[in-house]
Amino acid sequence: MPLVVFCGLPYSGKSRRVEELRVALAAEGRGVYVVDDAAVLGAEDPTVYGDSAREKALRGALRASVERHLSRHDVVILDSLNYIKGFRYELYCLSRAARTPLCLVYCVRPGGPNAVPEVAGANDNPGLNVSVSWRPRAEKDGRPLAAGSSVPRELHTAGSTVNGSAQADVPQELELEETGATESPALVTPESEKSAKHVSSAFYSPELLEALTLRFEAPDSRNRWDRPLFTLVGLEEPLPLAEIRSALFENRAPPPHQSTQSQPLASGSFLHQLDQVTSQVLAGLMEAQKSALPGDLLTLPGTTERLRFTRPFTMAELSRLRRQFISYTKMHPNNENLPQLANMFLQYLSQSLH
């Protein structure tokens, strides 16, 4: 079944779009399998993209997982950055080898690559003025924050009214744990976001985000491995489900390379008849040229066409051409061509000798 590759920088909404697509396809009764970084690593770890060796191993594991789950029954969705066009080409080759369609969904964060993600539900209450800083503090209680720990966020309220009582400019500090975070009126998640099970809670440092932005290779629909391409800007733009369904279930799969395909079966006597027919044509040609003059049309045994005689041919030259014809015909065996083997060999000699 088809392969859907998601591509984009962190905080671009890939995981939520993946969940939206998964729910839509599952509602149609289709089997859907999602492959993401957490499924391969056991837990999402952004520091992988800061180490080239670990990132290379991650791409290999993602590719192996996709190849393992590609089948005729399930839709495979790859939820990862997929920012290297060479890796996307490898995924295209996997889908081509499996004879299944592929499409690419490119998620773009609104406001440019360096835009800071907004807190969900911050604008639900227009009377509450909230500003949120996503920059982690260097220390907590005099101790540096450990890697992978929860990221504290500072919440400032100014001149707001809560439960009918006026509040002065009192700063509050909310420390949200990665699991079991306490909901406040300013941080209520909408229902559309609550339905997403795969929402990334990992923190990417500003330095890592800048590095990923610099080496990001954006998809290009002119490349065969990047099409059909669907570009989504932000979470407000609706997911083009109809177009994605058409690309996955109505388009033809990319044609496989001939070198990767099994040769068609031929009868056990095909090679024997090929050897016998070509030997008879050579023997008749050597006999006919003894009394032929340049310009004569020679009729050879087993053929309905004639060969124009221009010069004497040596047995070594004819044997070399015969071996070439047999090697080519063995690569494309076809029992339907048996009655025409003599004429095919005569045409090959006519094109090669003149």
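Values quoted throughout were computed directly from the atomic coordinates according to the rules given, and no laboratory measurement underlies them. Quick caveat, the model's predicted, so the values are computed rather than measured. Note: ideal-geometry Cβ built from the backbone for every residue, glycine included; neighbour counts use all protein chains shown.
The table below gives the values:
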quantity: Charge sum, other residues only, whose C-beta stays under 9 Å from E90's C-beta, Lys/Arg counted +1 and Asp/Glu -1; calculated: +3
quantity: In sequence order, calculated HN-Hα J values of region 42-54 (Karplus, 6.51, -1.76, 1.60; Hz; x Gly/Pro); calculated: x, 7, 5, 9, x, 5, 4, 6, x, 10, 4, 5, 5
quantity: Amide H contacts under 5 Å for N251, placed H, 5+ residues apart; calculated: none
quantity: Segment L214-E236, length gained on full extension (0.36 nm per residue, minus Cα span); calculated: 5.3 nm
quantity: Amide H contacts of V32 (H built 1.01 Å from N, under 5 Å, at least 5 apart or other chain); calculated: V75
quantity: Region 297-313 - phi-based ³J(HN,Hα) in whole Hz, Karplus 6.51/-1.76/1.60, Gly and Pro as x; calculated: 9, 9, 9, 10, x, x, 10, 9, 9, 10, 10, 7, 8, 10, 7, x, 10
quantity: Region 58-69 - phi-based ³J(HN,Hα) in whole Hz, Karplus 6.51/-1.76/1.60, Gly and Pro as x; calculated: 5, 4, x, 5, 5, 4, 5, 5, 5, 4, 5, 9
quantity: Rule-of-thumb Rg ratio for region 268-353 [Cα; 2.2 N^0.38 Å; N residues]; calculated: 1.06
quantity: Amide H contacts under 5 Å for T231, placed H, 5+ residues apart; calculated: Y106
quantity: Mean Cα-pair separation over length for region 268-353, i.e. relative contact order, pairs under 8 Å, 6 or more apart, %; calculated: 35
